[in-house]
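The values are calculated or read from the model by the stated rules, or taken from the named source; none is laboratory data. The structure displayed is predicted, hence computed values, not measured ones. Counting neighbours? That spans all protein chains shown, and the Cβs are built from the backbone with ideal geometry, glycine included. Accessible surface areas use protein heavy atoms only, side chains included; no ligands, DNA or RNA. Shrake-Rupley method; radii C 1.70, N 1.55, O 1.52, S 1.80 Å.
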Amino acid sequence: MTHNTAEGMLSSHVIALMSHVLLYDKASLSDLPEIIFTATGFALRDDWCNEVECDALQTLHAVNTALQGNRSMSTLLLACVNFGGDVDSVAAIAMGLASLTPEYVVDIPASLVHGLESGEFGQNYLRQLDTALASRYPVLLAHI
């Protein structure tokens, strides 16, 4: 419902395809732009340097730029935040994609993990969501 525009649907398609080829085809990050272009005709940029508006296509470019320019989760998160603007979307998508590839070093500071809030959608909710998704999609077990 929140992406019921041509750009929103395209961006959802692109992120789903990126997730799929990283998880099932073991694609390399450097191959993602070509895979996406071949499948959708959309050219992902890897040079985004502006603040990210609440815009699906800008988000895609920022995600790809951050993914291509980093190889550790900590620097990826910083790169996403440093764009400015709608960085929660950029970071959530980029970190999720990075978690699907062995090309990324998992080095999130313990304080970010242990300091996560415990509210309605906090630590416990996220753990339950991980478990539920992994039970439905066993391929995810290696990534949680």
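Filter region 127-144 down to the residues that are more than 17 Å from SER28 (Cα to Cα), open to solvent by 50 Å² or more (accessible area, probe 1.4 Å) and within 16 Å of the chain's Cα centre (by Cα) and list them by number.
ASP130, ILE144
Applying the selection to region 31-59, what residues are open to solvent by 80 Å² or more (accessible area, probe 1.4 Å) and over 16 Å from VAL90 (Cβ atoms)?
Scanning region 31-59 gives GLU34, PHE37, THR38.
Please enumerate the residues belonging to region 3-23 that are in contact with a helix residue (DSSP H, G or I) (Cβ under 7 Å, 6 or more places away or on another chain) and assigned to a loop (DSSP other than H, G, I, E, B).
HIS3
What are the residues in region 90-110 that are free of Cβ contacts under 8 Å to residues at least 12 places away in the same chain and open to solvent by less than 90 Å² (accessible area, probe 1.4 Å), if any?
If the condition is that a residue be free of Cβ contacts under 8 Å to residues at least 12 places away in the same chain and open to solvent by less than 90 Å² (accessible area, probe 1.4 Å), then ALA92, ALA110 are the ones that fit.
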